[in-house]
Amino acid sequence: MNQKLIFTNLVGGAIDALVDELGAKDVFVLTDTNTSQFVMPLLVNDSAVVAKGRRITIPSGDINKNLEQLAYVWKQLSVSEATRSSVLINVGGGMLTDLGGFAAAAFKRGMRCINVPTTLLGAVDASVGGKTAVNFNGLKNQIGVFSEAEASIISTVFFNTLPQQQILSGYAEMLKHALLEDEATLGRLLDYNPVYPEFDSEALLPLLRASVLVKQRIVEEDLTEKGLRKALNLGHTIGHAFESFSFAHLSPVPHGYAVAWGMVAELVLSHMKLGFPSEILHKIAAYVLENYGAMAVECKDYPELLKAMRQDKKNDSPESINFTLLEEVGRPMINCSATKDEIEAALDIYRDLMHLA
């Protein structure tokens, strides 16, 4: 993994030092409408590079992580005569760094980019590891490439202004990393309170650093997701189905919430197929229910959810539904398939645990 990870709350200085190191003459700053309003005024004061950079702004929201906005970014780079030696600084959440990373990877067969995640979800997940993508045909992340940013500057300095929902969305990915690591790491996260007014962004930084390093370790062994990196898909097969379901029914849920609910359902599958400890399953389910509520699905929704799972990009064939499951905390098992009946049984138990049945 060649991507540089910089953990600091002195973000402006880190950006200026990186761009100077890269020797870039042309700098473009990609934001969405939210980060343009709330983050850019802070960065412009702290970074000479950002203050002078040419801005490209797209609408906020995952619904705008699409080909239309991707083409808009390419057009702005083209008319401004960006080159492969230019640098694109992606300032925003996971939607922005996903789209910006893909735009940079494909423009003139690859220009350099720096990620500055402004949400917890973007910091812990999307900005690290080289996955870039846009949504297509109503499905998540269907078109993209593996392409690492030159660096990600990871901080908690912007988090105090985030809505509670966005904090919890990112925290779900941290819980996933902890489940892949060990019980001590999981315990520290379950003991930390990510809910306002107790939320403490400074105290979160070392926990965030540890979580990102879990992902970095896995990605270094398997950048293009041929083996071990598939462990990072824990919670995502069913989670993405929940997310696609919510979009289809015009009531979108945050990505991290869908992953949290997906983790509960996939830990149920883990218990059914691999003997994952029921005590930890119930602890995670109770934590998720208390902090995230529940994805309200009914038995009649199962065919639609299964259809979305079959189209998940991690599957090897349309007939096979592939999962990452856990034998126990810290022992992931990749490439686990499950039958329609097993998945429906897991969804039934998920509904019980979430008090939906």
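The values are calculated or read from the model by the stated rules, or taken from the named source; none is laboratory data. Predicted, not measured: the structure shown is a model, and the values here were computed from it. Glycine gets a Cβ as well: all are built from the backbone with ideal geometry, and neighbour counts include every protein chain shown. Surface areas here come from the heavy atoms of the whole protein model, side chains and all, with no ligands, DNA or RNA. Shrake-Rupley method; radii C 1.70, N 1.55, O 1.52, S 1.80 Å.
Tabulated data
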| item | result |
| --- | --- |
| Looking only at region 334-357, and only at residues there that are assigned to a strand (DSSP E or B) and of a type in the set (A, V, I, L, M, F, W, C), the one that is most open to solvent (accessible area, probe 1.4 Å) | Ile334 |
| Test: Ile6 is closer than 25 Å to His255 by Cα, surrounded by 16 or more Cβ atoms within 10 Å (Cβ to Cβ) and free of Cβ contacts under 8 Å to residues at least 40 places away in the same chain | no |
| Residue list for region 314-333, restricted to those being modelled with pLDDT of 95 or more and either more than 14 Å from Ala265 (Cα to Cα) or in a loop (DSSP other than H, G, I, E, B) (or both) | Glu327, Glu328, Val329, Gly330, Arg331, Pro332, Met333 |
| Residues of region 37-65 classified as farther than 20 Å from Ser86 by Cβ and not aromatic (Phe, Trp, Tyr), total | 13 |
| Tally of residues being under 14 Å from the mean Cα position of the chain (by Cα), closer than 15 Å to Ile63 by Cα and part of a helix (DSSP H, G or I) across region 236-255 | 3 |
| Members of region 31-46 that are under 22 Å from Gln76 (Cβ atoms) and open to solvent by 40 Å² or more (accessible area, probe 1.4 Å) | Thr33, Asn34, Gln37, Phe38, Pro41, Val44 |
| Total residues in region 214-228, condition without any contact (Cβ under 8 Å) to a residue 40 or more places away in the chain, in a helix (DSSP H, G or I) and surrounded by 15 or more Cβ atoms within 10 Å (Cβ to Cβ) | 2 |
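Matching residues to (1) in contact with an Asp or Glu (Cβ under 9 Å, 6 or more places away or on another chain); (2) part of a helix (DSSP H, G or I); (3) open to solvent by 50 Å² or more (accessible area, probe 1.4 Å); (4) within 23 Å of Asp125 (Cβ to Cβ):
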| residue | (1), (2), (3), (4) |
| --- | --- |
| Leu18 | yes, yes, no, yes |
| Val29 | no, no, no, yes |
| Ser60 | yes, no, no, yes |
| Ile63 | no, yes, yes, yes |
| Glu68 | no, yes, yes, no |
| Trp74 | no, yes, yes, no |
| Ser78 | no, yes, yes, no |
| Arg84 | no, no, yes, no |
| Leu88 | no, no, no, yes |
